[in-house]
1. Accessible area of the chain with a 1.4 Å probe: how many percent of it is carbon plus sulfur?
2. Per 0.36 nm of contour for each residue apart, how much would the distance between Glu12 and Val55 grow if the chain were fully extended, relative to their Cα-Cα spacing?
3. Quick one: go through segment 46-62 and flag any residue whose amide nitrogen is under 16 Å from the point 7 Å out along the Cα-to-Cβ line of Ala37.
4. Output ³J(HN,Hα) for segment 30-42: one whole-Hz value per residue in order, computed from phi by the Karplus curve 6.51 cos²θ - 1.76 cosθ + 1.60 with θ = phi - 60°, and x for Gly and Pro.
5. Cβ neighbours within 10 Å, averaged per peptide: list 17-24, 35-42 in order, most packed at the top.
6. In nm², what is the average projected area of the convex hull enclosing the Cα atoms of the chain?
Amino acid sequence: MTATSDSDASTEKTIYTSDIGLDNTHGIIWQVNSDKATLRNKTLGSNVAIEEEEVLFNCQKS
């Protein structure tokens, strides 16, 4: 996974992406924001905004 330019250390928001995902048409996005994280699909070959991608899993520190 690779950190993206959308990451922002001042807000503790980090976004990692990979072109390897659950199938041949999707990669994955791992979005970490302080004590919360979201795993999303990443549509390959498209300019879909991160927030528009399908959420696969949400987690937060308990």
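The values are calculated or read from the model by the stated rules, or taken from the named source; none is laboratory data. Model, not experiment: these values are computed from the prediction. Note that we place each Cβ from the backbone using ideal geometry, even for glycine, and neighbour counts take in every protein chain shown. Side chains are part of the model used for accessible areas, which takes the heavy atoms of the whole protein and leaves out ligands, DNA and RNA. Shrake-Rupley method; radii C 1.70, N 1.55, O 1.52, S 1.80 Å.
1. The C+S portion of the solvent-accessible surface of the chain is 48 percent.
2. Contour length minus Cα-Cα distance gives 13.5 nm.
3. Zone members listed by number: 56-62.
4. Along segment 30-42, the couplings run 10, 10, 10, 9, 6, 9, 10, 8, 9, 9, 10, 5, 10 Hz.
5. In decreasing order of mean packing, 17-24, 35-42 become 35-42, 17-24.
6. 4.3 nm²
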